[in-house]
1. Could I have the simple spin-label model distance between Val186 and Leu380, label points 7 Å from Cα toward Cβ, reported in nm to one decimal?
2. Counting only protein chains, not ligands or nucleic acids, how are Trp128, Trp881 ordered by accessible area (probe 1.4 Å), most first?
3. Take Lys510, Lys155, Lys58 and sort them by solvent-accessible surface of the protein heavy atoms, 1.4 Å probe, largest at the top.
4. With every protein chain present, what is the per residue accessible area of segment 208-269 (1.4 Å probe, Å²)?
5. Once the other residues with Cβ under 14 Å from the Cβ of Ser720 are scored (Lys, Arg +1; Asp, Glu -1), what is the net sum?
6. How much length, in nm to one decimal, is gained on full extension between Arg754 and Leu433, taken as 0.36 nm per residue of separation minus their Cα-Cα distance?
7. Work out how much length Ser522 to Gln979 would gain on full extension: take 0.36 nm times their residue separation and subtract the Cα-Cα distance, in nm to one decimal.
8. Take each of the peptides 935-945, 671-681, average the number of other beta-carbon atoms within 10 Å over its residues, and list them starting from the highest.
Amino acid sequence: MDRMASSMKQVPNPLPKVLSRRGVGAGLEAAERESFERTQTVSINKAINTQEVAVKEKHARTCILGTHHEKGAQTFWSVVNRLPLSSNAMLCWKFCHVFHKVLRDGHPNVLKDSLRYKSELSDMSRMWGHLSEGYGQLCSIYLKLLRTKMEFHTKNPRFPCNLQMSDRQLDEAGESDVNNFFQLTVEMFDYLECELNLFQTVFNSLDMSRSVSVTTAGQCRLAPLIQVILDCSHLYDYTVKLLFKLHSCLPADTLQGHRDRFMEQFTKLKDLFHRSSNLQYFKRLIQIPQLPENPPNFLRASALSEHISPVVVIPAEGSSPDSEPILEKDDLMDMDASQQNLFDNKFDDIFGSSFSSDPFNFNSQNGMSKDEKDHLIEALYREIGGLKAQMENMKVESQRAMLQLKGRVSELEAELAEQQHLGRQAADNCEFLRTELDELRKQREDTEKAQRSLTEIERKAQANEQRYSKLKEKYSELVQNHADLLRKNAEVTKQVSVARQAQVDLEREKKELEDSMERVSSQAKQKTQEQQGILESLKQELTTSRQELQLLHSSLDTSAESEAKWTMKVAELEEERGSLASTVALQEEELVTLREQLEGTQLKLASTQESMGQLAKDQQKRLLVGSRKAADLVIQEALSQMEEPALISCAGSADHLLAKVKSMFSCIEQLEKSRSQYLACPEDIGELLHSVTLLAHLTSETLAHGSTTSLRAPPEPADSLTEACKQYGREALAYLASLEEEEALEKADSTSMRTCLLKIKAIGEELLPMGLDIKQEELGDLVDKEMAATSAAIEAATARIEEMLSKSRAGDTGVKLEVNERILGSCTSLMQTIQVLIVASKDLQREIVESGRGTASPKEFYAKNSRWTEGLISASKAVGWGATIMVDAADLVVQGRGKFEELMVCSHEIAASTAQLVAASKVKADKDSPNLAQLQQASRGVNQATAGVVASTISGKSQIEETDNMDFSSMTLTQIKRQEMDSQVRVLELENDLQKERQRLGELRKKHYELAGVAEGWEEGAEASPSTLQEAVPEKE
């Protein structure tokens, strides 16, 4: 009893009174359920207490067996929710340990039952994270690990919570898709990172210079690491296998980040396993594996066969030293029986047995006669019987007195527990008030800080405006510089054309010189041939002359004068031959000089061409570098503006962002074509400069649209979109940097930019409003269909109400029939007024379409005004849906299984939906239109009918409900005090539930407003129809 009392005192809250006041006649199943809940409550409170000792294994095992018994964790969470985890770090640390064990070894439904508390665990983690000493930081990291574990097993349901699975199951988890394996590896890295973070934080919080593992405080911190070691061994094994599989499918460069992260985690895990294996506390509880000296070489596929999966061995448990003897009811009964037998034996030993055949041997003692002996024996028997009866009466009275004393003791103990509970509540209230006072002080300080920050923000806004003006001036200067560069490019192009024309002229002169040389050489050859012919003729003449001379030699004497003539003639011919030879030599000298002049002209022409080409290349390079620098400045400015607070007031849309992304794709294609054309013909640089400038401006606009679109998106897509835009900006800067050098220009690749744009496009498509996927041509038909469907739903609801009214008249009588007739009659009136409003809305829409479409068809008018059309469709759907829900609620109320409040809420929802339909119809209507007046009159009729439904529901509820007569005359002071405390607890619980439900209703209305605004384009129609929306608000009220 002392041990039970001490263990109960450790529990901050008493046992739930609901478990101790169940009906006695609920049956065997209710008794078993009550016993189960009591056992689980005691075990959980013993496992999660404020003492700085390790959680006992038997209590944790009872919690795990309880989850398998009820196939879930409802009882576990119902008990844990009553523990003050947010105010006691030790309770929170032990809760994390027990919850980790229950997640690993409990029923698979524990994960599903625990997902609803994930947000509470996150809030508690952030709260404990503000404490840097003691168990606060440990609790924050442990809660983050548990949340990561729940998210991992929710995303990957094939993985059990204890992470034990075969290689075949691991392959099936990836579904034979390398992308799934890639993503699974990243998630396992994150999971293992949280495990190692908790591991390292626990070791850092211990004083390793002392034997902390043998102290209770050290064991309290080290005990949860057993579960961490079990998880880490499996995660390390699966990570190694998945990395080998990825290296067999993907290039090594792609997985460089995976290998670096694995190396970091391998080093940490190896060190932590080594340090843990040296602690005395772990040596008797778990056998920790040792990792290899060197990490696996993933670049060598055969290294997978050398990998040995680490196995954690937990020795078989014997008799636990912390086990407590538990006395059952049968044991107590046996003990009472044995004590009674012992008492009877002692009585017989003292007074003798009353059932013996000869209790007193009087014949051996005296000489009494037989009759006297018999009379004495009978008297003694009577005396013994009276004594036994008196003894039995004394026993009964003593037992009754003992029971009364025990009851009094139990009442005193209950009163003592109540007083202690009241004392704890008073202390908690004092602490709560003290906390509220600190919060108010902090709020006052925060208000002062906010005022100072407001002034600082205004000062920054002025600085941003000045900076914007300077940037605008800088941008104008860049535009002017760009125009100057384009003019210089045109001048250089002209100079190049002039140089090309000069080169053509030089080539033409070269050809003319070559032709003249050929003509001179041909003439020289022709003259040489003529001279050779003349020489030959002269030789022939000489021979003939010699012959004649020989012939005339005989007649020399007779003709001396003719001899002198022939001699003179020969001398003249020889002189003519010498002159011809000198002429040929002069012509050959002229030919050599002409050839030297031609070679010099060719060298000058080549040097001129080289200088002009180098000049053109330098000018083109300067133009390209200048354009690239200007583009870098524009993109860097766009990236810096993404962090500016001035953009907070801006808002973009996903469709505009997608249009900019589409323009970026076409711009990148044009840039690739211009780059290829420039590489093929370096002189054609104009297209490349234009493409670079266009890329810079479109990138700046895309980043701006992405930043403004993320401001109105949910948090996770907004963060993803912002990061994708920043990554695209960095990739664009890297691509532009590659255009500066010729070698890098040839290897420039725009694949990374395209990948980032695809990611931005995917996020933008997810952020598109729900109504934008409908084709514009289908909007007109969809409006008519929705209005017809709403009318049909109203008619069906009216018919169903009439049917319910007839059934109620046939089966109900008295007050119930009166209430049903009043409620169903008011519902019928509401349906009729809604039907009148729908007809008036149709007439007004027809008038709007006829007056606004002109020569276009109604479908074209609806397509042109798509936002207004989508508002009509949404309002019509809401009216039809509200009518159906209200009929269902009325049916349940008539049958006695529904709530009157649900019927009132449905009527208010229908009034709000009709007000939305009226507001959507009045946007484009003429103020003096008779159909508009008729629509407003029908709307007022709907509001009156709604008020009638609410009034009839309230009056019917007051007639049917009966107040229970409370009789407290037979209750004692303790019972009345207990009932009063129960009522106070119930009031606090209901107030807490009411506050939470109001917060949830506010969040739901906020989310509904955001989704409706995105789907129906309220931000576009807000400026066009402010008066209409102001008129719709009081009608909805």
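The values are calculated or read from the model by the stated rules, or taken from the named source; none is laboratory data. For clarity, every value in this text was computed on a predicted model and none was experimentally measured. We place every Cβ from the backbone using ideal geometry, glycine too, and count neighbours over all the protein chains shown. Note: accessible area is taken over every heavy atom of the protein model, side chains too, but ligands, DNA and RNA are not part of it. Shrake-Rupley method; radii C 1.70, N 1.55, O 1.52, S 1.80 Å.
1. About 10.1 nm, to one decimal.
2. Working: Trp128 15, Trp881 145 Å².
Output order, biggest surface exposure first: Trp881, Trp128.
3. Working: Lys510 65, Lys155 140, Lys58 45 Å².
Ranked from most to least accessible, the order is Lys155, Lys510, Lys58.
4. Values: 2350 Å² over 62 residues.
With all protein chains present, segment 208-269 gives 38 Å² per residue.
5. Details: positive: Lys726, Lys759, Lys761; negative: Glu716, Asp719, Glu723, Glu765, Glu766.
Residues near Ser720 contribute -2 overall.
6. Values: separation 321, 0.36 × 321 = 115.56 nm, distance 5.82 nm.
Length difference between fully extended and current span is 109.7 nm.
7. Working: separation 457, 0.36 × 457 = 164.52 nm, distance 13.83 nm.
Length difference between fully extended and current span is 150.7 nm.
8. Details: 935-945: 19.3, 671-681: 15.2.
Sorting 935-945, 671-681 by mean packing, highest first, produces 935-945, 671-681.
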